[in-house]
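The values are calculated or read from the model by the stated rules, or taken from the named source; none is laboratory data. Computed from a predicted model, the values in this text were never measured in an experiment. Using ideal geometry, Cβ is built from the backbone for each residue, glycine included, and neighbour counts are taken over all protein chains shown. Note: areas computed on protein heavy atoms with side chains; ligands, DNA, RNA excluded. Shrake-Rupley method; radii C 1.70, N 1.55, O 1.52, S 1.80 Å.
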Amino acid sequence: MLRAENLSKRYRQGEKEVVALLGFTYAFPRGATAVVGPSGSGKTTLLNLLAGFDLPSEGGVYLDGLALHQLPEDERARVRLKHMGFVFQQWNLIPTLTAWENVAFPLLLAGRPRKERQEQAFALLERVGLAHRLHHLPSRLSGGEQQRVALARALALDPPVLFADEPTGNLDAESREQVAALLFEAGKERTLILVTHDLELAARAERILYLKGGRLAREEVVQPAG
Amino acid sequence: MEILHLVLRNLLARPVRSLLTLLGVLIATASMVLFLSFGEGLRRSLFQELSRVGPAIQVVPEGTEGLGFGGYPEITPRQLAALQEAGQALGVRALVPTLFLARGGFDPQTSFFFQGLPPGVGPDLLYPGVRAREGRLVPTEGGAVVGGKVAKRSQLSLGSPLRLSPQVGLKVVGILEESGGLADNLIFVPLAPLQQVLGTENYSAVLVALNPGQKAEEVARALEAAVPGLKAQTTGEVMRFAERALRISDLVRFGISLVALIVGGLLVANTVMMSVYERIREFGVMRALGARRGFIFRLVVLEALLLALLGGTLGLALGGVVSFAINLYTLDQVGLALSAVTPRLSLFALLVALLLGLLAGLLPAYHASRIPVVEALGRV
Ligand SMILES: Nc1ncnc2c1ncn2[C@@H]1O[C@H](COP(=O)(O)OP(=O)(O)OP(=O)(O)O)[C@@H](O)[C@H]1O
Ligand SMILES: [Mg+2]
């Protein structure tokens, strides 16, 4: 389980201090949790702290009791590799690697042998409906296909936590639907944290967190978990 | 898709840029290899030559050590007499005063190198194994014995006239077989006409041949003690001296090629730095997925190393080819392989290329691996 405790992030900007997140406390249960809020409300900041991309000014992040914010950078990377998957808004993929090689990248980092990497990448791409795009470079894929490759890659090491920051932000309606369906499907047995502007998309999650001015303003349970 | 594969992919993704960089390293390495190959070639021919030379000791005026026999003619007849006396007492086999004269220009085609020998002494005493192909082996009064290569090059045959100066002329009385050594390029003449042309009664060197069992080192020291102002050097001493001189010239030539190397290194650094800047977002994604900083560091350093090593290897090959071509020419012209790409030179060149790549890669790699993940992810 992923838990944030009194999480705050302040940025110095010359004389002024910007408070991007203030006193955020929440325990993310299994299932999909959407994080919504107006631009600048601290959604990306929250995700950065939860994933260990950045360190909080105050408070802490605990993954199954492990204090993530107290680990050095490379240790946090290890935790991410083993326990977290990511889908960003765009430019997710390594442009010089083909679809299957992108999916196999976390497996490479984890030191899996080549044969296993290839087999697993092929299987994952088949699962997201891209069995016919294995050897395409990202530049040869549509936006929706790219996001599905990114999702397949996020699932490569079967992590318990899945992050997505505006995963459908740049997609047309049809691709959006495909990606969303796959994402929520994958989020069922994991902790999925979905940052989005899109309230329609957020409504498909089990819980919605409303951020405002860096604070957790409201929690709404859409469907009871389980 | 191991890490090297990843690096290769990236280099191939920008083929023109990679190729240009490769070319820069290639040329830098090739020019270094070529520069240094002259030292290696000189070393090789010199030592081959010296180890073939008959006399174990060369007596030269003090201060001209190491110049071989090419110094100014400064050994006076009195000194020669003293040497002969001392040599007799020591029981040496032969004591041969000699003199050198170069005629002609820079172009080996039109240059002649004369070596003067005392009456009755043939070139075989100084260059063991030398044989006459036609005519005589030992120069006569007014008659010269011509090395095989010179004869061929200048189309000399028995009876051809040779001019040492407007006043002094000789006739060819013998032509030597080609032996692959220095003698091929020399013309052996009696001492007297050379002394006449040079306007001196002196000699440039006295070569001492030893009897079996005699120790070169001991005889050399005894000769020096007997005749002040002269230096008696054994072949070993000449080799050591030449090695020292060659090493200095190696340094000078390496210094010159360092300019090209630095340019090549900067090219690599520039290419890698550019590719790092273009890929900051990519590195951010990799680290978000769980790559550690060391992984990014290795990725970038390997890119530089690969460029440098590939360029270095191709440069070494090019240097070897050019060196071969130069040797074809100089072997034909002066009978010496001037350039040699020896195994140790090849190894050195590859190490220099690797070091170059490492140096060029370290800074971009450090930079790439240190960017905060959030910042890297923020870039597109
Ligand atoms: N590196 C930074 N330096 C200074 N201020 C920052 C920095 N990053 C974010 N902020 C500020 O923190 C606040 C929250 O930013 P954040 O990116 O988390 O918002 P968001 O909810 O993700 O917005 P959006 O919906 O536009 O993506 C904003 O006021 C932003 O200007
Ligand atoms: Mg945001």
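Would it be correct to say that A:PHE122 is open to solvent by less than 20 Å² (accessible area, probe 1.4 Å) and among the aromatic types (Phe, Trp, Tyr)? Don't jump to the end; show me each part of the working.
Numbers: open to solvent by less than 20 Å² (accessible area, probe 1.4 Å): no; among the aromatic types (Phe, Trp, Tyr): yes.
When the stated conditions are applied, A:PHE122 does not pass them.
Return yes when B:GLU218 is more than 15 Å from B:PHE112 (Cα to Cα) and in a helix (DSSP H, G or I) and no when it is not. Answer is yes for this residue. Looking across segment A:195-218, the residues that are open to solvent by 100 Å² or more (accessible area, probe 1.4 Å), within 12 Å of ligand 1 (Cβ to nearest atom) and over 23 Å from A:LEU171 (Cβ atoms) come down to A:LYS212, A:ARG215.
Rundown of residues vs (1) within 16 Å of ligand 2 (Cβ to nearest atom); (2) outside any loop (DSSP other than H, G, I, E, B); (3) within 14 Å of chain B (Cβ to nearest Cβ); (4) within 30 Å of A:TYR62 (Cβ to Cβ), yes/no style:
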position	(1), (2), (3), (4)
A:LEU107	no, yes, yes, yes
A:GLN120	no, yes, yes, yes
A:GLU126	no, yes, no, no
A:SER139	no, yes, yes, no
A:LEU151	no, yes, yes, yes
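Contact map, segment A:8-26: residues that are within 14 Å of another protein chain (Cβ to nearest Cβ) paired with residues that are more than 10 Å from ligand 1 (Cβ to nearest atom) and open to solvent by less than 20 Å² (accessible area, probe 1.4 Å), Cβ distance under 8 Å, separation 6+ or inter-chain. Pairs shown: A:LEU21/A:LEU7; A:LEU21/A:SER8.
Looking only at residues in segment B:282-325 that are basic (Lys, Arg) and within 11 Å of another protein chain (Cβ to nearest Cβ), which one is least open to solvent (accessible area, probe 1.4 Å)?
Here is the first cut: in segment B:282-325, the residues basic (Lys, Arg) are B:287, B:292-293, B:298.
Still in the running and within 11 Å of another protein chain (Cβ to nearest Cβ): B:287, B:292-293.
Working: B:ARG287: 9, B:ARG292: 102, B:ARG293: 64 Å².
The extreme case among them is B:ARG287.
Check segment B:181-189 and report whether any residue there is in a loop (DSSP other than H, G, I, E, B) and buried (at least 18 other Cβ atoms within 10 Å of the Cβ).
yes
The residue that is farthest from ligand 1 (Cβ to nearest atom), counting only those in segment A:39-66 that are touching an Asp or Glu at 6+ places or on another chain (Cβ under 6 Å) and open to solvent by less than 10 Å² (accessible area, probe 1.4 Å), is A:GLY60. In segment A:39-59, the residues that are at the interface with chain B (Cβ under 10 Å from one of its Cβ atoms) and of a type outside the set (A, V, I, L, M, F, W, C) form Cβ pairs under 7 Å with partners that are in a loop (DSSP other than H, G, I, E, B) and more than 7 Å from ligand 1 (Cβ to nearest atom), at six or more places apart or across chains, as follows: A:ASN48/A:ASP54. Residue check: A:PHE86 meets all listed conditions (1) within 16 Å of ligand 2 (Cβ to nearest atom); (2) surrounded by fewer than 22 Cβ atoms within 10 Å (Cβ to Cβ) but one, namely (2).
So which of A:THR96, A:THR168 is within 16 Å of ligand 1 (Cβ to nearest atom) and not in a helix (DSSP H, G or I)?
Values: A:THR96 fails: within 16 Å of ligand 1 (Cβ to nearest atom).
Unique residue meeting the criteria: A:THR168.
If you go through segment B:324-380 and keep only what is hydroxyl-bearing (Ser, Thr, Tyr), in a helix (DSSP H, G or I) and modelled with pLDDT under 90, you end up with B:TYR329, B:THR330.
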